[in-house]
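What follows is calculated from the coordinates using simple rules that are stated; it is not laboratory data. Quick caveat: nothing in here was measured; it's all calculated off a predicted structure. For neighbour counting, all protein chains shown are included, and Cβ atoms are generated from backbone atoms with ideal geometry for every residue, glycine included.
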Amino acid sequence: SDRYCVFGNPVGHSKSPLIHAAFAAQCGQDLSYEALLVPLDGFAASVRAFVAADGHGANVTVPFKEEAFHLADRLTVRAELAAAVNTLRFDGAEILGDNTDGAGLLRDLSVNLAYSLAGKRVLLLGAGGAARGVIAPLLDHRPGLLVIANRNVARAQDLAQRFTTLAGGLVPRACGYPELAGQSFDLVINATSASLAGALPPLPVAAGCFAPASLAYDMMYGQGDTPFLALARAQGAARLADGLGMLVEQAAEAFHLWRGVRPDSAPVIAALRARSG
Ligand code: ATR
């Protein structure tokens, strides 16, 4: 069977092996998929070793997505825009780098959550790799406004700047958290890594960033509300979604790149939800 893997550090809690095994069974594809723990200074060597051992493709997770971007011989347009790679395909000696995170988020929003971005006021929290990967696909869906808020405002400005020249024309705005006071949004996406440290992005207290009928979306997921979703609920967000759907959708997109078939993500999302209670 064809070999695939996810490279990460840590990688032990990755759900990707489960997700891809489910996709393979569903689509009748003969493949294996394992989680490989990579030493922090050993990413390139691990990729080469996996290619030499007849690996066909791989996912890349924390903290190697930028290194994967530099390692790839060829990049898809969306990986180029994200300046990060979460999916590799080994085409003979050539390494193709792709980024399916943004497509995963947008598919979760538009298909699974039936949320239309057209004309909506969107607030993106964070200006790191996770935020960068979703900006172009968000802009593709024609929101009315996209604000990028970050503690380090210069980072948010750099990011907004990077996406000002995209065809379609909406220019993202950048700001710090205090400037959010008095503004409200239809969709608020948490793309910070704050939750990893058990922290919250410093939204202005009780300042009504969540418009009536707004959707709060956390790229993180866990059992029950994530801390960000609990905050959003308390501040009046009407709908809450965690990142489990995005996780499965980015995997489906990677599976499609590798195998040329698109799995049905819905039963896999449902199964993961049932497992985590
Ligand atoms: P990733 O690839 O997960 O995006 P990253 O590139 O290290 O990781 O970026 C982390 C993001 O989370 C940054 O936007 C960071 O904000 P700063 O640039 O101001 O540091 C944000 N972040 C991390 N911890 C945070 C916290 N406690 N509150 C708010 N933002 C936080």
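Shape call for region 103-242 from the C-alpha gyration tensor, a ≥ b ≥ c root eigenvalues: rounded (a/c under 1.5), prolate (a/b greater than b/c) or oblate? Intermediate values should be presented prior to the final figure.
Working: a/c = 1.39, a/b = 1.18, b/c = 1.18.
Cα axes put region 103-242 in the rounded bin.
Test of understanding: what is the full-extension gain from His70 to Val205, defined as 0.36 nm times their sequence separation minus their Cα-Cα distance?
Details: separation 135, 0.36 × 135 = 48.60 nm, distance 4.01 nm.
Separation in residues times 0.36 nm, less the Cα-Cα distance, equals 44.6 nm.
Nearest 5 is fine: what % of DSSP beta bridges in region 52-207 come out antiparallel, could you say? It would help to have the intermediate numbers written out before the result.
Values: 8 of 22 bridges.
Antiparallel bridges: around 35 percent, rounded to the nearest 5.
Which of the peptides 221-229, 142-150 is most tightly packed, and how do the rest follow, going by the mean number of other Cβ atoms within 10 Å of each residue? All intermediate terms of the calculation are to be shown ahead of the outcome.
On the way: 221-229: 16.9, 142-150: 21.0.
Peptide ranking by packing, descending: 142-150, 221-229.
On the principal axes of its Cα set, how long, how wide and how thick is the chain? Give whole Å, largest value first.
Principal-axis extents of the Cα atoms in the chain, largest first: 56, 39, 34 Å.
Hey, got the dipole for region 135-225? About the Cα centre, +1 on K and R Cβ, -1 on D and E Cβ, debye to the nearest 20?
On the way: 5 positive and 6 negative charges, 48 e Å.
Taking the Cα centre of region 135-225 as origin, the dipole is about 240 debye.
For the pair Leu257 and Ala230, what calculated FRET efficiency results from E = 1/(1 + (r/R0)^6), where r is the Cβ-Cβ distance and R0 = 45 Å, to the nearest 0.05?
Details: r = 35 Å, r/R0 = 0.78.
So, using R0 = 45 Å, E works out to roughly 0.80.
In the chain, which helices (entire DSSP H runs) extend 20 Å or more along their own long axis, judged by Cα positions, while averaging at least -0.5 on the Kyte-Doolittle scale?
On the way: long enough: 244-259 (22 Å, 0.39).
Once both thresholds are applied, what remains is 244-259.
For Cα pairs less than 8 Å apart in space and 6+ apart in sequence, what is the mean separation divided by the residue count of region 89-215, i.e. the relative contact order in percent?
Details: 209 pairs, mean separation 30.3, N = 127.
It rounds to 24 percent for region 89-215.
Full-extension gain between Arg142 and Glu94, please, as 0.36 nm times their residue separation minus the C-alpha to C-alpha distance. All intermediate terms of the calculation are to be shown ahead of the outcome.
On the way: separation 48, 0.36 × 48 = 17.28 nm, distance 3.49 nm.
Between Arg142 and Glu94, full extension yields 13.8 nm more.
Give the dimensionless ratio obtained when the Cα radius of gyration of region 119-187 is divided by 2.2 N^0.38 Å.
Working: Rg = 10.9 Å, N = 69, 2.2 N^0.38 = 11.0 Å.
For region 119-187, the normalised Cα radius of gyration is 1.00.
Between Val77 and Ala181, how many nm apart are label points set 7 Å from Cα along the C-beta direction?
4.3 nm
Over the chain, what is the percentage of antiparallel beta bridges among all DSSP beta bridges, to the nearest 5? Write down the numbers at each step before the final one.
Numbers: 8 of 42 bridges.
Bridges in the chain that DSSP calls antiparallel: roughly 20 percent.
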